[in-house]
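The values are calculated or read from the model by the stated rules, or taken from the named source; none is laboratory data. All values reported here derive from a predicted model rather than from experimental measurement. In this analysis, Cβ positions are derived from the backbone assuming ideal geometry, glycine residues included, and neighbour counts consider all displayed protein chains. Side chains included, ligands, DNA and RNA excluded: accessible areas come from the protein's heavy atoms. Shrake-Rupley method; radii C 1.70, N 1.55, O 1.52, S 1.80 Å.
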Amino acid sequence: MRLSVDKLNKFFDKIAASTPNVIDAKNTFAAFTTDVIASTSFATETNANEDPNNPFVANGKEFFNTNVFKSLLIILLPKFMRDLLGLDSFFADKPFKFFIEVAKHIVEQRKSGAMGPRNDLVQLLMDARVDQKDIEEMNYEKMTVDENELNNNGTAEVTSNKKENSSTKKRLDDSEIIANCIFFFVAGYETTASTLTHFMFELAQNQDIQERLYQEVEGALSQFDNEHSEEYFEVVMSGIPYLEATIKETLRKYPPLSVVGRVCEADNYKLGPATLPKGALINVMINAIHLNPEYYPSPHQFNPDRFMPENKHQLVPYTYLPFSIGPRNCIAMRFAYQELRLCIASIVRKFKFEVTPDTPKELKFKSASVLMMAEPFSIRVTKR
Ligand code: HEM
């Protein structure tokens, strides 16, 4: 992650010194996110902002170019017709296959011992032992955490309820490892890239907030010369309150996943005025909850102060759900927070971001997607 942040800083240095000193926000942060996922999940080094034609980068960009018509067919058609038509994934075919091949290649390479072990997702998946009994019983409640369980430094004790000496433990097979790599890309790319893009929009629109963030981050970090030192990392992760508040407010106003689905497990469950039968599908509209003035006064105003420690008591439990909640919440919430903190803390210290005459007053979002993906907009970058 830190190496990817360095690459982003170098790219901004170059932009700030050129004319026009303007970036396409989404492209820039999607490239940064690609670098992070490529190295942490696929053991591949990319420099996506400088080398957009690298196959990993180009396929990553294409991945979410989904076709609304194809998606509808996948939802509406019965399985035998989908099989007949070869409709097996919502994602664009070519990049989907490309990533399967990359993941396959990496797993084979690791197995052959050609690369030596690395501290990345592929290695974790290859070393993992899974208890079949836990999977069958869906017994993984203690394996994820929610926001309230994060320690001050953004980490958490994850206590698995697996029995260590169980004889039913197995390794993941190749297809499970490959599927997990792809899923991490699917779940981690657009969500994090969008969050940084939305963040940048609000920062450029609200210069007073940007200045305060700069002052607070600089105040906490100016003591460090080296952004790769453990001490620097500790301070960024232990929470610079205003940095945390701006990230949280971005995720409130623009939750990248605007809806999550659940199935009602109880029979005749009373939910407000409705009675739900067992098996009913429920869509939890995260963005509607986050924009409800009952929970967040003046909800369209970008106001990080809502999340400052002195105002925390005003937050209503279960109304803040960017990573969802419960045993199936985002498995990588800590990973995402780490990435966001490291990236933002570093760039706001060195650069100033402003709107251009082309930047819209409000973000517009692509339609027909559960992901909140903003239409492209530009930002001016100057060196501090
Ligand atoms: C700001 C960034 C992110 C946001 C807002 C976000 C949000 C979410 C949400 C709302 C869910 C659905 C949970 C549910 O249905 O209750 C989810 C699931 C998931 N996310 Fe994230 N996510 C982010 C980043 C990431 C990253 C970086 C990765 C991987 C590296 C990731 C991996 C996953 C996985 C694997 C799941 C499925 C968990 C399960 O079904 O048990 N997410 N995420």
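Residues in the stretch 295-340 that are at pLDDT below 95 and of a type in the set (D, E, K, R) were compared, and the one that is least open to solvent (accessible area, probe 1.4 Å) is 334.
Does residue 26 satisfy the condition of being touching a strand residue (DSSP E or B) at 6+ places or on another chain (Cβ under 7 Å) and open to solvent by 10 Å² or more (accessible area, probe 1.4 Å)?
Working: touching a strand residue (DSSP E or B) at 6+ places or on another chain (Cβ under 7 Å): yes; open to solvent by 10 Å² or more (accessible area, probe 1.4 Å): yes.
When the stated conditions are applied, residue 26 passes them.
Of the residues that make up the stretch 224-244, is at least one touching a strand residue (DSSP E or B) at 6+ places or on another chain (Cβ under 9 Å), open to solvent by 20 Å² or more (accessible area, probe 1.4 Å) and within 16 Å of the ligand (Cβ to nearest atom)? Within the stretch 224-244 (the criterion being touching a strand residue (DSSP E or B) at 6+ places or on another chain (Cβ under 9 Å), open to solvent by 20 Å² or more (accessible area, probe 1.4 Å) and within 16 Å of the ligand (Cβ to nearest atom)), the answer is no, since none of the residues qualifies. Among residues of the stretch 50-79 being of a type in the set (S, T, N, Q) and under 19 Å from residue 373 (Cα atoms), the one that is surrounded by the most Cβ atoms within 10 Å (Cβ to Cβ) is 59.
A Cβ distance below 7 Å, combined with a sequence gap of six or more or placement on separate chains, defines the contacts here; from the stretch 200-224, residues that are at negative phi reach residues that are assigned to a helix (DSSP H, G or I) and open to solvent by 60 Å² or more (accessible area, probe 1.4 Å) in the pairs 224/231.
Would it be correct to say that residue 369 is farther than 18 Å from residue 193 by Cβ and under 22 Å from the mean Cα position of the chain (by Cα)?
Numbers: farther than 18 Å from residue 193 by Cβ: no; under 22 Å from the mean Cα position of the chain (by Cα): yes.
No.
In this structure, does residue 319 turn out to be more than 13 Å from the ligand (Cβ to nearest atom), assigned to a loop (DSSP other than H, G, I, E, B) and out of contact with any Gly (no Cβ under 9 Å at 6 or more places or on another chain)?
So residue 319 fits the description; yes.
If you check 369, 346, 324, which single one turns out to be at positive phi and out of contact with any Gly (no Cβ under 6 Å at 6 or more places or on another chain)? Steps first, please.
Values: 369 fails: at positive phi; 346 fails: at positive phi.
The conditions single out 324.
Which residues, taken from the stretch 31-44, are in contact (Cβ under 8 Å) with a residue 60 or more places away in the chain, among the hydrophobic types (A, V, I, L, M, F, W, C) and open to solvent by less than 10 Å² (accessible area, probe 1.4 Å)? Listed by number, the residues that qualify are 32, 36, 37, 42.
Out of everything in the stretch 329-352 that is among the aromatic types (Phe, Trp, Tyr) and either under 11 Å from residue 247 (Cα atoms) or assigned to a helix (DSSP H, G or I) (or both), what residue ends up being farthest from the ligand (Cβ to nearest atom)? Filtering the stretch 329-352 for residues that are among the aromatic types (Phe, Trp, Tyr) and either under 11 Å from residue 247 (Cα atoms) or assigned to a helix (DSSP H, G or I) (or both), the one farthest from the ligand (Cβ to nearest atom) comes out as 337.
Do we have residue 284 as open to solvent by less than 60 Å² (accessible area, probe 1.4 Å), touching a strand residue (DSSP E or B) at 6+ places or on another chain (Cβ under 6 Å) and in contact (Cβ under 8 Å) with a residue 60 or more places away in the chain here?
Details: open to solvent by less than 60 Å² (accessible area, probe 1.4 Å): yes; touching a strand residue (DSSP E or B) at 6+ places or on another chain (Cβ under 6 Å): yes; in contact (Cβ under 8 Å) with a residue 60 or more places away in the chain: no.
Judged against the criteria, residue 284 is not a match.
Put simply, of 309, 256, 299 the only residue that is in contact (Cβ under 8 Å) with a residue 24 or more places away in the chain and within 16 Å of the ligand (Cβ to nearest atom) is 256.
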